[in-house]
1. On a 0 to 90° scale, report how tilted helix 42-54 is relative to the longest principal axis of the chain, with both axes built from alpha carbons and the result rounded to the nearest 10.
2. If you take the square roots of the eigenvalues of the alpha-carbon gyration tensor of the range 102-146 and sort them as a ≥ b ≥ c, do you get rounded (a/c under 1.5), prolate (a/b over b/c) or oblate?
3. How would the range 63-146 be classified by its alpha-carbon gyration tensor: rounded, prolate or oblate, with rounded meaning a/c under 1.5 and the a/b versus b/c comparison settling the rest?
4. Pick the calculated Rg/Rh (Cα atoms, Kirkwood Rh) for this structure from [x] 1.04; [y] 1.13; [z] 0.95?
5. Taking the Cα centre of the range 26-146 as the origin, how large is its charge dipole in debye, to the nearest 20, when only Lys and Arg (+1) and Asp and Glu (-1) carry charge on their Cβ atoms?
6. Using alpha carbon centroids, what distance separates the range 1-79 and the range 84-134, in Å?
7. Could you size up the charge dipole of the range 1-78 around its Cα centre, putting +1 on the beta carbon of Lys and Arg and -1 on that of Asp and Glu, and report it in debye to the nearest 20?
8. Relative to the first principal axis of the alpha-carbon coordinates of the chain, what is the inclination of helix 132-145, with its axis defined by its Cα atoms, in degrees from 0 to 90 and to the nearest 10?
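Nothing in this text is a laboratory measurement; each read-out follows from the coordinates by a stated rule. The model shown is predicted, which means the values in this text are computed figures rather than measured ones. Quick reminder, even Gly has a Cβ in these numbers, built from the backbone with ideal geometry, and neighbours come from all protein chains shown.
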Amino acid sequence: MHIAIGCDHRGFELKEAIEELLSDEGHSYEDLGCHDTASVDYPDFASAVAQGVAQGRFEHGILVCSTGIGMSITANKVPGAYAALCHDLLSAQRSRQHNNANVLCLGASIVGKELAKEIVKMHLSAHFEGGRHAQRLEKVKALERA
């Protein structure tokens, strides 16, 4: 899977650990920043990742900030990007199975490094179930066109 990954200064260390996991799992990725712990504005990185996913340049996106909230709010402003803030394995799995989320958001101050890695693995390995969930997703997509 080809993945876009981004973070703000508070998510930098966790992003680095996730990149190592992605390599170990055989995924390719592009790091869209930030690239150190100097203070930055999270919307810049969230929009870059979300736009890359929505435009089809990447199959999936991962965003990390302190809580994941800012990244999630920003990414969900981009039509075609469906960001899910996940703090546990069930939400990571269901966000893909039921919501077909294509951007995973994580809070570096909320989840530890090992749990974050497990969330990433669960999220990337789960698949959209379609069926009744596809009908619901069409209603969400209609809101983007409104």
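1. 40
2. Working: a/c = 4.40, a/b = 1.94, b/c = 2.27.
In terms of gyration-tensor shape, oblate.
3. Details: a/c = 3.10, a/b = 1.41, b/c = 2.20.
It is oblate, given that a/c is not under 1.5 and a/b is not larger than b/c.
4. [z]
5. Values: 12 positive and 12 negative charges, 114 e Å.
Computed charge dipole of the range 26-146: roughly 540 debye.
6. 14
7. Details: 4 positive and 13 negative charges, 85 e Å.
Taking the Cα centre of the range 1-78 as origin, the dipole is about 400 debye.
8. The angle comes out near 80 degrees.
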